[in-house]
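Undergrad: Have a look at the structure that comes next, please.
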Amino acid sequence: MKAEATRLPEVRRVITQVFADERGQFTETWRSDSYAQLCIGPFVQDNVSVSRRGVLRGLHLQHPLAQAKLVSVLRGVVFDVAVDVRVGSPTFGQWVGEELSDDRGVQLFIPPGFAHGFVTLTDEVVFSYKCSTYYAPADERTVLWNDPAIGIDWPIEKPTVSPKDAAARCLADIPAELLPNF
């Protein structure tokens, strides 16, 4: 297992080993000592979402009770995105995207201070999140998934989004005190 920096160096691609044969495949998705060597973890909550093709979830973050996330796909394929929303960061408002699938053994580590979202590219997706802090509804923030100032190049034009995600604000319209500082 190894971690590689992305275009936003704090967001890291984690490469795990996939063992495949005629029976299927096996991948180790979490081992605390190995991830500790990569400075990833600890985590306190695991979440799983199931979505159909064309569903977009995001862009979500928590502040001030910020969360780091280790995300992976257990079934299907997604385009996963992290956006730097740390006020004062030299990469504020920039994004990085990565295709994650159930057969590549790639995870994405998203540190606190980054909004996260994904869109599903296959008929069914089972998506796993490991979170460093507990879900805190009062601290939840949502950035508009298609904010033109961020300019995410989503691989789908008309995704299905929740009413909450559809009503989110552009990053520039969110008061600075509601976002993390760099």
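Undergrad: As an exercise: evaluate Lys2 against (1) surrounded by 13 or more Cβ atoms within 10 Å (Cβ to Cβ); (2) touching a Leu at 6+ places or on another chain (Cβ under 9 Å) and give the number of the one condition it does not meet.
TA: It fails just one condition, (1).
Undergrad: Right, next: Quick check: is even one residue across the range 46-61 assigned to a loop (DSSP other than H, G, I, E, B), free of Cβ contacts under 8 Å to residues at least 40 places away in the same chain and basic (Lys, Arg)?
TA: no
Undergrad: Still on this structure, please answer the following. Given Val73, Val83, Val126, Val78, which one is surrounded by fewer than 22 Cβ atoms within 10 Å (Cβ to Cβ), among the β-branched types (Val, Ile, Thr) and part of a strand (DSSP E or B)?
TA: Unique residue meeting the criteria: Val126.
Undergrad: OK, next. Any idea which of (1) touching a helix residue (DSSP H, G or I) at 6+ places or on another chain (Cβ under 7 Å); (2) at pLDDT 95 or above is the one Met1 doesn't satisfy?
TA: Result: Met1 passes all but (2).
Undergrad: Filtering the range 95-145 down to residues that are free of Cβ contacts under 8 Å to residues at least 60 places away in the same chain and under 15 Å from the mean Cα position of the chain (by Cα), which residue is farthest from Pro175 (Cα to Cα)?
TA: Applying the filter and picking the extreme gives Ser101.
Undergrad: Now for a different question. Pull up the range 14-27, narrow it to residues that are surrounded by 12 or more Cβ atoms within 10 Å (Cβ to Cβ) and over 19 Å from the mean Cα position of the chain (by Cα), then point me to the one that is farthest from Ala68 (Cα to Cα).
TA: The selected residue is Val18.
Undergrad: Still on this model: Lys158 is checked against (1) in contact (Cβ under 8 Å) with a residue 24 or more places away in the chain; (2) out of contact with any strand residue (DSSP E or B) (no Cβ under 9 Å at 6 or more places or on another chain); (3) farther than 16 Å from Ser51 by Cα and fails just one. What number does that condition carry?
TA: With (1) in contact (Cβ under 8 Å) with a residue 24 or more places away in the chain; (2) out of contact with any strand residue (DSSP E or B) (no Cβ under 9 Å at 6 or more places or on another chain); (3) farther than 16 Å from Ser51 by Cα applied to Lys158, the lone miss is (3).
Undergrad: Considering only residues that are part of a loop (DSSP other than H, G, I, E, B) and farther than 22 Å from Ile156 by Cα, which ones fall in the range 86-113?
TA: Within the range 86-113, Arg86, Gly88, Ser89, Pro90, Thr91, Phe92, Gly105, Pro111, Pro112, Gly113 meet the criteria.
Undergrad: Please specify each residue of the range 162-182 satisfying the condition of being exposed (fewer than 11 other Cβ atoms within 10 Å of the Cβ) and closer than 15 Å to His63 by Cα.
TA: Within the range 162-182, Pro175, Ala176, Glu177 meet the criteria.
The rows are residues; the columns are (1) out of contact with any helix residue (DSSP H, G or I) (no Cβ under 9 Å at 6 or more places or on another chain); (2) of a type in the set (D, E, K, R); (3) modelled with pLDDT of 95 or more; (4) closer than 24 Å to Glu10 by Cα.
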position: Leu121; (1), (2), (3), (4): yes, no, yes, no
position: Val125; (1), (2), (3), (4): yes, no, yes, no
position: Cys131; (1), (2), (3), (4): yes, no, yes, yes
position: Ala138; (1), (2), (3), (4): yes, no, yes, no
position: Thr142; (1), (2), (3), (4): no, no, yes, yes
position: Asn146; (1), (2), (3), (4): yes, no, yes, yes
position: Pro155; (1), (2), (3), (4): yes, no, yes, yes
position: Asp165; (1), (2), (3), (4): yes, yes, yes, no
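Undergrad: Name the pairs whose Cβ atoms lie under 7 Å apart, with the first residue in the range 1-12 and outside any loop (DSSP other than H, G, I, E, B), the second of a type in the set (S, T, N, Q), and 6 or more positions between them or separate chains?
TA: Arg12/Thr6
Undergrad: Taking the stated definitions as given, is Trp154 touching an Asp or Glu at 6+ places or on another chain (Cβ under 8 Å), part of a loop (DSSP other than H, G, I, E, B) and either among the hydrophobic types (A, V, I, L, M, F, W, C) or crowded, with 19+ Cβ neighbours inside 10 Å (or both)?
TA: Taking the combined requirement at face value, the residue does not satisfy it.
The values are calculated or read from the model by the stated rules, or taken from the named source; none is laboratory data. The structure presented is a predicted model; accordingly, all values stated were derived computationally and were not measured. With ideal geometry, Cβ positions are generated from the backbone for all residues, glycine too; neighbour counts draw on all protein chains shown.
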